[in-house]
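Read-outs throughout are calculated quantities, based only on the coordinates presented, and are distinct from any laboratory measurement. Bear in mind that the values here come from a model prediction, so they are computed numbers and not experimental data. Don't worry about glycine lacking a Cβ; one is built from the backbone with ideal geometry, like all the others, and counts go over all protein chains shown.
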Amino acid sequence: MRKEVVLITGANGEIGHGLITHLGEQGNVGIVALDVSPLDESLKKYCERFIQGDILDTMILGRLVSEFEIRTIYHLASILSTKAEYNPETAHRINVEGTLNLLRLAVEQAAWQSRPVKFLYPSSIAVYGLPDLKTKEAAGKVKENEYLQPTTMYGCNKLYCEHLGRYYSSNYRQLAADRCQNTIDFRCLRFPGLVSAVTIPTGGTSDYGPEMLHHAAQGIHYDCFVRPDTRLPFMVMPDAIKSILDLEAAPAEKLTQRIYNVTSFCPTAQEFYDIILKAFPNADVDFKPHASRQGIVDTWPCDIDDSAARRDWNWKPSYNQERSFDDYLLPAIRQRYAVK
Ligand code: SER
């Protein structure tokens, strides 16, 4: 009999770290993890199996299907917004073709199991594209269906994959006579910038927040690549993990949509800096806006409206801005760099 597990792609990434640690500590599910790079030492003990490989490698995915009964897929692997702009076609292959491979794997699994397989997908504020700063300021909390004109390859990829998820859930092979009724149960979160005390992001454009914090805690100079007045929504990693698991657990009949905004607080870069300076008075930060990265952030909303998630599955972040820093980020980061 095949073993029942959950599959986590992008295991080494920031969300992967948080999710594997959380699920591993709970110990209720077998975890099969996939990543292109070797699995971080700290995660090994939590994983039933780790496969080092590419989500574009259909042979690897095929082997997974025959060996395991996959109940839920957390498809976290992707190339983030800044990195994607340096090689947009490669990003497209990984972000879109890679996701398509996982969706196909999920459909195959669902057919074998004769029940839908849950597919949890992190999307992003990068799907939004506000035309100018004036509109950004006036827009306030942006809803799921507003301003969907992304300006980055990553944003285009995420928005399209949201549609693919909806298609595979509801309309896959809709004209085929042998169409399988059990496909996938696609559930998607649109995340704001995420901040973790344990990991540092790579290749994103909301990275100035976490980078400023981690540099300051280590006493390293940091050039912040956006203007002080730049405002974006953020959330800490424990809340990101909570939102993924809460959405996974929500009864299907409660969900009125497949794509949900989730967020917590939305400081300007200057406010981020002020909090950091209070905690680390020797923080050495200069604001040196990078024209293109600033341009990307200027198209992302100041804040997003997560009232649908609050209404449908009782979403509520545990950490507001104050608690995020005082109860999570600052103590954990002080501890992390003090021991090194
Ligand atoms: N953090 C991501 C990025 O900056 C946004 O989802 O690319």
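Karplus-based coupling profile of the stretch 11-25, in residue order and whole Hz: 4, 7, x, 5, 5, x, 3, x, 5, 5, 4, 5, 5, x, 5, with θ = phi - 60° in 6.51 cos²θ - 1.76 cosθ + 1.60 and x standing for Gly or Pro.
Centre-to-centre, using Cα atoms only, the stretch 198-270 and the stretch 66-94 are separated by 19 Å. With the convex hull constructed from alpha-carbon coordinates only, the stretch 189-294 shows a mean projected area of 7.5 nm² over all directions. Evaluated on the chain, the Kirkwood hydrodynamic radius is 20.5 Å, with distances taken between all distinct Cα atoms. Taking amide H as placed 1.01 Å from N in the peptide plane, the amide H of G30 sits under 5 Å from that of V6, each at least 5 places away or on another chain. When each of M237, M153 is scored by the number of other beta-carbon atoms lying within 10 Å, the sequence from fewest to most is M153, M237.
Each peptide among 292-301, 58-67 gets the average number of other Cβ atoms lying within 10 Å of its residues, and from highest to lowest they stand as 292-301, 58-67. In a simple Cβ point-charge model (Lys, Arg +1; Asp, Glu -1; nothing else charged), the chain has a dipole of about 660 debye relative to its Cα centre. Backbone geometry of the stretch 147-161 corresponds, through the Karplus equation with coefficients 6.51, -1.76 and 1.60 at θ = phi - 60°, to 3J(HN,Hα) couplings of 6, 8, 10, x, 9, 10, 4, 4, x, 4, 4, 5, 5, 5, 5 Hz, x marking Gly and Pro.
Over 19 Å apart: what share of the alpha carbon pairs of the stretch 29-160 falls there, rounded to a whole percent?
58
Using θ = phi - 60° in the Karplus curve 6.51 cos²θ - 1.76 cosθ + 1.60, the 3J(HN,Hα) couplings for the stretch 279-289 round to 7, 10, x, 8, 3, 10, 10, 10, 8, 10, x Hz; x is entered for Gly and Pro.
Relative to the 2.2 N^0.38 Å rule of thumb, the stretch 174-234 has a C-alpha radius of gyration ratio of 1.90. Listed by chain and number, the aspartates and glutamates placed with their C-alpha closer than 12 angstrom to that of K143 are D303, D305, D306; residues fewer than eight positions away on the same chain are left out. Over all pairs of different C-alpha atoms in the stretch 101-170, the reciprocal of the mean inverse distance, the Kirkwood hydrodynamic radius, equals 13.9 Å. Computed over the alpha carbons of the stretch 240-304, Rg followed by Dmax gives 17.6, 52 Å. Working note: 222 nm ellipticity from helices only, DSSP H runs with n ≥ 4, each -39,500 (n - 2.57), summed and divided by the residues of the chain, gives -12000 deg cm²/dmol to the nearest 500.
At a 10 angstrom cut-off on C-beta neighbours, averaged per residue, how do the peptides 279-286, 9-16 rank from highest to lowest? It would help to have the intermediate numbers written out before the result.
Values: 279-286: 14.0, 9-16: 23.5.
Top of the packing list down: 9-16, 279-286.
Residues whose amide H falls under 5 Å from that of D185, counting only those 5 or more places apart or on a different chain, are V117, K118, F119, with hydrogens built in the peptide plane.
Would you mind checking K136/K288; K141/K278; K83/K158; K44/K254; K3/K254 for any pair whose Cα atoms are more than 24 angstrom apart? Table pairs above 24 Å Cα-Cα are K141/K278; K44/K254; K3/K254.
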